[in-house]
């Protein structure tokens, strides 16, 4: 039976046989004629006897030994889960990982599989013009940042979208975009704002020229314009063709229109140089474009 005073109704040999023939401690308890919840005493004596319980699965369908073998033979967790014959979902994978940690298994060789992408699998989704309005602010932030300007976003809704720090001070920038030309072939850019009313059909009104300093405008062909608010004061819409002097960059390669021209001139127009210099920007740091007559602005 055991030590003197041991009131067990089963012997060590009974326990050895019960552990060998069962797959859980509840099963051991049932074999020994105990309640399913009375496994504490058998577990204590099994530890005393050094009995092997690695074949126990409990509520699992796999044993500790099966997990050891799966981990040793696999190169990633997906292989481990597959070897155990269970569904590879988030919950089961976490459960398997946790059990491996509790068993102290070496899992350092398990890494996510890195399949090499074929050339035709490179990400090349087509540009969606309707998304320009959502990406315009990010383009503006990148454009100013690449020119050495610190860019910040207002915490609360303001008339401006960005705060840009230049050598001449902070510029309040309102970002606008236009994805496509009109039926007549013009780029008509809306630069007004809707009043703060619940009626979304209310007519747009112009921005107060004292509340912003610059308009950053990007078109569907990649053209970038930076126009002082004083130039557009009182307007809610413009035809951008009237403001070519303020075109300062090109993002056509990002918008699927091809790479920028490679023969762009090195010089900068006097008008653009004067405007940018007054605003605290370095004119030589801008990506200027070529227009008819090879004049750069």
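Only the coordinates and a few stated rules stand behind these numbers; no lab work does. Remember, it's a predicted structure, so these values are computed and weren't measured experimentally. Using ideal geometry, Cβ is built from the backbone for each residue, glycine included, and neighbour counts are taken over all protein chains shown.
Please compute P(r) over all alpha-carbon pairs of region 12-102, binned at 10 Å starting from zero, and give each bin as a whole-number percent.
For region 12-102, the pair-distance distribution reads 16, 42, 26, 16, 1.
Can you put 156, 69 in order, fewest other beta carbons within 10 Å first? Could the numbers behind the result be given before it?
Values: 156 4, 69 15.
Final ranking by Cβ density, sparse to dense: 156, 69.
Normalise the Cα radius of gyration of region 169-233 by 2.2 N^0.38 Å (N = residues in it) and let me know the number.
Numbers: Rg = 13.2 Å, N = 65, 2.2 N^0.38 = 10.7 Å.
Relative to the 2.2 N^0.38 Å estimate, region 169-233 comes out at 1.23.
What's the ranking of 213-222, 228-237 by average number of surrounding C-beta atoms within 10 Å, highest first? Spell out each step's value before the answer.
Details: 213-222: 22.9, 228-237: 15.3.
Order by mean packing, descending: 213-222, 228-237.
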